[in-house]
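To start, the structure itself, in structure tokens.
The values are calculated or read from the model by the stated rules, or taken from the named source; none is laboratory data. Note that this is a predicted model, so its numbers are computed, not measured. Counting neighbours? That spans all protein chains shown, and the Cβs are built from the backbone with ideal geometry, glycine included.
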Amino acid sequence: MKRLVSSTLLLLASSSAFAVAPGGPNCGWGNLLFDGQSGVVPHFAASTTNGTSGNHSFGMTTGTNGCSVDGALTYGGASMLASMMDEFSEDAAKGEGEALTAVAVVLGVQPADRAKFAQLTHDNFSTIFPHQDVTADQVIGSLLDVMKSDEQMSKYAI
């Protein structure tokens, strides 16, 4: 029973951990109730209050409860590509592989165009990975630039 409660709390806490930006940092009754407090417990309680009462969504829709949808959403975690850079670079060098397919799926490349995507990343490997210490953000930027320059792939490079 102890494991079930711990697992449930961990799952709920992790699902709310990334939800800082939607509606703004002061959005919802939970933030009002736990104003000025810090730590896992008050953040979890505020998130739970906002989620279970629906006031967070209502506040974003109506512009009340301290909520605003004017700002851009942000994410403070590592990008998906950063977590699999080694696998993606190996697959791009080979022109095939699961990491290459995963990136294609995330970019919205349709199954019919994935072979072309694989060939494009293989043919432009040195442009996408110009040096050993390239970052995930640089790789994404270069990959999108390469895709934009290709007639068939440009529709996926937003």
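Things worth noting here:
- Filtered by the rule that a residue be within 15 Å of ALA82 (Cβ to Cβ) and assigned to a helix (DSSP H, G or I), region 103-146 gives VAL103, VAL106, ILE128, ALA136, ASP137, GLN138, VAL139, ILE140, GLY141, SER142, LEU143.
- Matching option when the condition is surrounded by 17 or more Cβ atoms within 10 Å (Cβ to Cβ) and modelled with pLDDT under 95, among VAL146, VAL103: VAL103
- Scanning region 85-93 for residues that are within 30 Å of HIS56 (Cβ to Cβ) and either within 22 Å of the chain's Cα centre (by Cα) or in contact (Cβ under 8 Å) with a residue 60 or more places away in the chain (or both) turns up nothing.
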